[in-house]
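Structure first, then comments.
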Amino acid sequence: MIRTCNINNIKDMSPAFVNRFDVIVLENQLENLNDTQLGELISNLFISFERIPQKIRKINTNEKFENELQIVEEDNNEENEEEHEEVENINVNINNLIFNKEDIIKREKEFFNNEKNLINQIINKIKLLPENKKDGNESKDYSHLRTITSISRFCYGIMKLRSLFNQIKYKQTNITDDDIISTIFEMLFRDDNEKINISENKKKILLEELIEENKKKMKGIDKDKYEKYFFENSESLKKFVLIVYISTLINLYLCVVSPPGSGKTTAARTIAEIRAKILMQDIPFYIHTHHSSTKPNDFYGTTTISDSEIIFKEGSLTLAITEGSVYIADEFNISSELNMKSVTPVLEQTFNQDLIIPGIDGDTSIDPNFFFIICQNDVGTFGRNELPDKIKIKLRKIVYPEQSKDEIESICSDINSSLYEKGESNKLDDIEARYCGDFMIDVNKKNLTPQPWSLRDINKIFLRLKNQKIKNEDFKEVGTAVNLQFYALSSITREQLDEEIVDKLIKSLQSNFKEKTNAEDLKKVYEDEPKLYNQFDSKTKVRKFYIQKHKSLILLDKIREDLERNEEERINKRKKLEKYSRLPSFLECSFRMKLSNYDEPLLLSGPTC
């Protein structure tokens, strides 16, 4: 079966090929439908969703452990074992269910008669969509055409969100059908993301749950394995998180766009982790970072040899669709157009049905909880490609929100606080953490660095400062402003350096940090030639050797001078340090490197010697 949206495309095919097919042209099935007929269509769609075969929910690790204990206790009960086998068979034979036609018609009539208010509200919303492209051009808010597909997506989203708010924990929330219908309509069809309107009641309920789960995640015993993402004090980020979360619930796949390092991928990971906690899933997401050489078998899977047998090793996308996890396609538009088009079958809204998808061995099925999200830089960024039209029509594009000055300051404060235990005294002052956010805004506004800064850069600087405060004896007179200055200028060689840029950076630091820094000291610590400075501690009998730039000292090495043994080692150390003292370029590079945190990746660039 070959399908095309435009009958004129047949002219581009070989007549010898086309003549082997019956050509069937479908007219607009919605044309001239009255409200009763439209209501019957809506009833039909809702009942058809009921007939989607349901797989047994995959239990999480804790539930599995409890079930295993129960099976051990009841090991001798043969009836139990037989029932267990029957349950497994239900999971396998999801397509063997037979629906009686009379029962289906009866259910449709019951739904039509019992849900008249719901149906009328849906019809009123559908009428806001234009019937054709000409009408669409006149619509200010909704340009999405009124089609069978759009109505089906609308009804499916209502069914999914309605079932969510029918859960016991939401029973007292007073979320109405009108709330649900309006939210789904806005999410699917509102052209301007900024204008998407979600009722205050629903916002409050869902955001409270999301914020609470995010706090639990960052304070739990496994907190170190999660990336930290702070959105609770930012109105723009709260709205973004809410839109993405609701999208995951109704299978509205997304493409999130922003400049590098702004936080879109971290946001996607965090929302997936929160969602997994709420849905009781073990694996919250799978992620694949795409590049120009990415091939479909990198994420679908590939055949390999294991124990002398050829097996199919499932890729991240295949695992996500079968387990109902989130799949994050990071940097998706760096890959080729052919590679991007290869995910098209996965984006079809066909759940729990046996499917054959090119690239996956045998047949598979898409779990209804599966969610697909692209995180990428916009096409204007070097090396990025335009998304194919086939993919565009199946996604909603969202621009990751820019934060206000107050929001950035608040996020910087939260990031800084999260790095220290409660009551820890030796930490970066909150006011300085907020100043760092102000400095980042200034840097980007005035283009003072080769690449724009993001909160990723701020996080790196906070980690540097934490490390330096822990090892405060190794870092003397190296404050926040010095770290910011060297971080901003470390990728620029002296030959490429514009003195005007240095002056602007120092003025910005002076302006933001005010009395906490001195412009003259900052200029000298950057421009002064480094030298080796040694200091002897008479109590510990240790001589410390520091790299000195103006007043700033960073420990390079130390020698114990109270032990008679290892004299040869001490002599060799002194010789090395004496040699280093005559290599100011080496000391300069070492000074900059030692400012970095111990687990921070570094790229060293320079001419071949």
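Quick note: the coordinates plus some simple rules give every number you see, no bench work behind them. Just so it is clear, the structure is predicted and the values come from calculations on it, not from any experiment. Using ideal geometry, Cβ is built from the backbone for each residue, glycine included, and neighbour counts are taken over all protein chains shown.
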The distance between the Cα centres of the stretch 509-563 and the stretch 165-226, in whole Å, is 52
Enumerate the amide H contacts of Tyr546 below 5 Å, restricted to partners 5 or more residues apart or on another chain; note that Pro and chain-start residues carry no placed amide H.
-> Tyr533, Asn534, Gln535, Leu556
Neighbours of Lys476 by Cβ distance under 13 Å: Lys/Arg at +1, Asp/Glu at -1, summed charge +3
Compute the long axis of helix 148-165 from its Cα atoms, compare it with the longest principal axis of the Cα atoms of the chain, and write down the angle in degrees, 0 to 90, nearest 10.
-> 70
Given q = 0.14 Å⁻¹, what are the Debye log10 I(q)/I(0) values for the stretch 252-402, with equal point scatterers placed on the Cα positions and solvent ignored?
-> -0.68
Which entries in Lys223/Lys422; Lys544/Lys573; Lys216/Lys277; Lys524/Lys551; Lys217/Lys427; Lys264/Lys390 show an alpha-carbon gap greater than 20 Å?
-> Lys217/Lys427; Lys264/Lys390
In a shell of Cβ-Cβ distance under 12 Å around Asn297, excluding Asn297 itself, what net charge do Lys and Arg (+1) and Asp and Glu (-1) give?
-> -1
The stretch 405-595, Rg to Rh (Cα coordinates; Rh as Kirkwood inverse mean 1/r) = 1.02
For the chain, with equal point scatterers placed on the C-alpha atoms only and solvent neglected, what are the log10 I(q)/I(0) values from the Debye formula at q = 0.05, 0.12, 0.13 1/Å, to two decimals?
-> -0.33, -1.33, -1.47
For Val256, list long-range residues whose amide hydrogen, built 1.01 Å from N in the peptide plane, is under 5 Å from its own amide hydrogen.
-> Ile374, Cys375, Gln376, Ile398
The stretch 376-482: trypsin sites (Lys or Arg not before Pro) falling in loop per DSSP and having at most 12 other Cβ within 10 Å = Lys422, Lys471
Express in nm, to one decimal, how much length is gained between Thr304 and Asn100 on full extension, taking 0.36 nm for each residue of separation and deducting their alpha carbon distance.
-> 69.1 nm
So, relative contact order of the stretch 405-595 in percent, Cα under 8 Å, 6 or more apart, is 16
Euclidean distance of C-alpha centroids, the stretch 448-480 and the stretch 401-446, integer Å | 12
Calculate how many DSSP beta bridges within the chain are antiparallel, expressed in % of all such bridges and rounded to the nearest 5.
-> 55
Karplus-derived 3J(HN,Hα), 6.51/-1.76/1.60, for each residue of the stretch 531-536, Hz, glycine and proline x = 9, 8, 10, 10, 9, 9
Scalar couplings 3J(HN,Hα) for the stretch 351-368 by Karplus 6.51 cos²θ - 1.76 cosθ + 1.60 (θ = phi - 60°), nearest whole Hz, x for Gly and Pro, are 10, 6, 10, 5, 10, 10, 10, x, x, 10, 5, x, 9, 8, 9, 9, 5, x
Run the numbers on the chain and let me know its relative contact order in percent, using alpha-carbon pairs under 8 Å that are six or more apart.
-> 9
Pop out the ³J(HN,Hα) list for the stretch 178-183 in order, Karplus 6.51 cos²θ - 1.76 cosθ + 1.60 with θ = phi - 60°, rounded to Hz; leave Gly and Pro as x.
-> 4, 4, 5, 4, 4, 4
Compute the long axis of helix 430-445 from its Cα atoms, compare it with the longest principal axis of the Cα atoms of the chain, and write down the angle in degrees, 0 to 90, nearest 10.
-> 80
At what distance in angstrom do the alpha carbon centres of the stretch 3-18 and the stretch 363-399 lie from each other?
-> 28
Taking Cα atoms, how many degrees apart are the long axis of helix 200-219 and the longest axis of the chain, rounded to 10 and kept between 0 and 90?
-> 50
